[in-house]
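**Q** One structure follows; several queries about it will come next.
Taken together, the values in this text are just the output of simple stated rules run on the coordinates, not laboratory data. On a predicted model such as this, the values are computed, not experimentally measured, just so you know. Every residue, glycine as well, gets a Cβ built from its backbone with ideal geometry; the counts of neighbours run over all protein chains shown.
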Amino acid sequence: DKSKSGSRGALVVIEGLDRCGKTSQSSRLVKNLDELGYPAELFRFPDRNTVIGQMISSYLNSDSQLDDRTIHLLFSANRWEKRSLMESKLQSGITLIVDRYAYSGVAFSSAKGLDIEWCKAPDMGLLAPDLVLYLDISPEKASERGGYGGERYEQLEFQKKVAQSYQVLQDASWKIIDANRTVEDVEEHMRDIVLDYVKTCRNGKSLSQLWL
Ligand code: FDM
């Protein structure tokens, strides 16, 4: 029974380097789950629609300058401001597909040289994902995909450091997806994995907190 009452949705995070295909795969995943009768919604961080999100957006476009710790805390605050909304959606049975999360926060800031434990601290206590899908592609290959846009972090040397930082963050909730395959192959693979988790969460797996 797909509309089982009282059962929660799954919290699924999609991570990876810029140009790995995260954003289009996240939308396809939401559509696929919906079509199979499992309600799903897309979240994306940074969420540029809030006041904090607008400060982040202006920083990413280089319209403003902020020191590394300040922008790190804004990215984290941008997740905290969505926490209760996310929790209520999950509790109402909606699966959330989240395009970037705290792992991006730590990977990008620690790639600048900030201490990793310092980077993790502000995100401790956010909702922990049931599953993290890491779309794995080499920094070189990502940079060839239609080229980078003009945003602050879209440079090969920096993306190489981000890839190394991501490696340190992997834990038991991660699955590595080979993102070098066709869009359709990646889509199908992700859908199958996520369906498993959606079913597990419906059967009563409880929500936990990140990095505590
Ligand atoms: N980014 C994203 C961070 O540096 N920290 C964060 O916490 C998050 C969520 O912002 F370069 C970086 C990653 C990326 C940039 O992301 C904007 P999108 O996915 O291109 O909007």
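**Q** I'd like the antiparallel share, as a percent to the nearest 5, of DSSP beta bridges with both residues in the chain.
**A** Values: 1 of 20 bridges.
So the antiparallel bridges in the chain amount to around 5 percent.
**Q** May I pose another question? Under 5 Å between amide H atoms, partner at least 5 residues away or on a different chain: which partners does Thr95 have, H built in plane at 1.01 Å?
**A** Under 5 Å from the amide H of Thr95: Ala10, Ala40, Glu41.
**Q** In whole Hz, with x marking every Gly and Pro, tabulate ³J(HN,Hα) for the stretch 189-194 from phi via Karplus 6.51 cos²θ - 1.76 cosθ + 1.60, θ = phi - 60°.
**A** For the stretch 189-194, the Karplus curve yields 4, 5, 4, 5, 5, 5 Hz.
**Q** Just want the ordering: Met86, Met124, from fewest to most Cβ atoms lying within 10 Å of their own Cβ.
**A** Values: Met86 20, Met124 12.
In increasing order of surrounding Cβ atoms, one gets Met124, Met86.
**Q** Quick check: the angle from helix 51-60's long axis to the longest principal axis of the chain, C-alpha only, nearest 10 degrees?
**A** 50 degrees
**Q** Continuing with this model, one more query. Over all directions, average the projected area of the Cα convex hull of the stretch 151-194 and note it in nm². Spell out each step's value before the answer.
**A** Values: hull surface 17.3 nm².
The orientation-averaged projected area of the Cα hull of the stretch 151-194 comes to 4.3 nm².
**Q** Follow-up question, since we're still on this one. What is the calculated FRET efficiency for Asn49 to Thr23, with r their C-beta to C-beta distance and R₀ = 22 Å, to the nearest 0.05?
**A** On the way: r = 16 Å, r/R0 = 0.71.
Between Asn49 and Thr23 the formula returns 0.90.
**Q** What is the Cα radius of gyration of the stretch 39-81 over 2.2 N^0.38 Å, N being its residue count? Intermediate values should be presented prior to the final figure.
**A** Working: Rg = 11.1 Å, N = 43, 2.2 N^0.38 = 9.2 Å.
So the Cα radius of gyration is 1.21 times the expected 2.2 N^0.38 Å.
**Q** While we're looking at this one, here's another question. How do Leu60, Leu133 rank when sorted from fewest to most other Cβ atoms within 10 Å of their own Cβ?
**A** Details: Leu60 17, Leu133 28.
The order, fewest Cβ neighbours first, is Leu60, Leu133.
**Q** If you take the alpha carbon radius of gyration of the stretch 19-112 and divide it by 2.2 N^0.38 Å, what ratio comes out, to two decimals? Could you put the intermediate results ahead of the total?
**A** Working: Rg = 14.7 Å, N = 94, 2.2 N^0.38 = 12.4 Å.
In units of the 2.2 N^0.38 Å rule of thumb, it is 1.19.
**Q** Here is a follow-up. Please give the FRET efficiency for Leu36 paired with Arg83, using the beta carbon to beta carbon distance and R0 = 25 Å, rounded to the nearest 0.05. Don't skip to the end; give the middle numbers.
**A** Numbers: r = 27 Å, r/R0 = 1.09.
My answer for the efficiency is 0.35.
**Q** Can you compute the charge dipole magnitude of the chain about its Cα centre, using +1 on each Lys and Arg Cβ and -1 on each Asp and Glu Cβ, nothing else charged? Give it in debye, rounded to the nearest 20.
**A** Details: 28 positive and 31 negative charges, 100 e Å.
The dipole magnitude comes to about 480 debye.
**Q** Any idea what angle helix 22-35 forms with the longest principal axis of the chain, computed on alpha-carbon atoms, 0 to 90 degrees, nearest 10?
**A** Roughly 10 degrees, rounded to the nearest 10.
**Q** Around Lys112, under 14 Å between beta carbons, what's the net of Lys plus Arg minus Asp minus Glu among the other residues? Walk me through the intermediate numbers first.
**A** Details: positive: Arg69, Arg152, Lys160, Lys161; negative: Asp67, Asp68, Asp115, Glu157.
Within the 14 Å Cβ shell, the charges total 0.
**Q** With only alpha-carbon pairs counted, each pair once and no self-pairs, how large is the Kirkwood hydrodynamic radius of the chain in angstroms?
**A** Numbers: mean 1/r = 0.0569 Å⁻¹.
Radius from the Kirkwood sum: 17.6 Å.
**Q** In the structure shown, do any of Lys31/Lys205; Lys82/Lys160; Lys89/Lys175; Lys120/Lys161; Lys22/Lys175 have a Cα-Cα gap over 21 Å, and if so which? If you can, show how the numbers build up before the last one.
**A** Values: Lys31/Lys205 24 Å; Lys82/Lys160 30 Å; Lys89/Lys175 24 Å; Lys120/Lys161 17 Å; Lys22/Lys175 14 Å.
Check vs 21 Å cut-off fails for Lys31/Lys205; Lys82/Lys160; Lys89/Lys175.
**Q** May I pose another question? Under 12 Å Cα-Cα from Lys112, which aspartates and glutamates qualify once same-chain neighbours fewer than 8 residues away are excluded?
**A** Hits, sequence-local ones excluded: Asp67, Asp68, Glu157.
**Q** Would you calculate the separation in nanometres between label points at Arg145 and Leu207, each defined as 7 Å from the Cα along the Cα-to-beta-carbon direction?
**A** Taking the simple label geometry, Arg145 and Leu207 are separated by 3.0 nm.
**Q** With springs only between Cα atoms under 10 Å apart, run a GNM on the chain and tell me which of Ala40, Ala142, Ala121 wobbles the most.
**A** Comparing Ala40, Ala142, Ala121 in a Gaussian network model of the chain, the most mobile one is Ala121.
**Q** Could you list which residues have their amide H under 5 Å from that of Trp174, counting only those 5 or more apart in sequence or on another chain, with H placed in the peptide plane?
**A** Those lying under 5 Å, H to H, from Trp174 are Val132.
**Q** Taking neighbour counts of Cβ atoms within 10 Å as a proxy for exposure, in what order, fewest first, do Asp18, Asp171, Asp185 appear?
**A** Values: Asp18 21, Asp171 9, Asp185 13.
Result, fewest neighbours first: Asp171, Asp185, Asp18.
**Q** Multiply the residue separation of Lys175 and Asp63 by 0.36 nm, subtract the distance between their alpha-carbon atoms, and state the gained length in nm to one decimal. Let's see the in-between values first.
**A** Working: separation 112, 0.36 × 112 = 40.32 nm, distance 3.58 nm.
Result: 36.7 nm gained on full extension.
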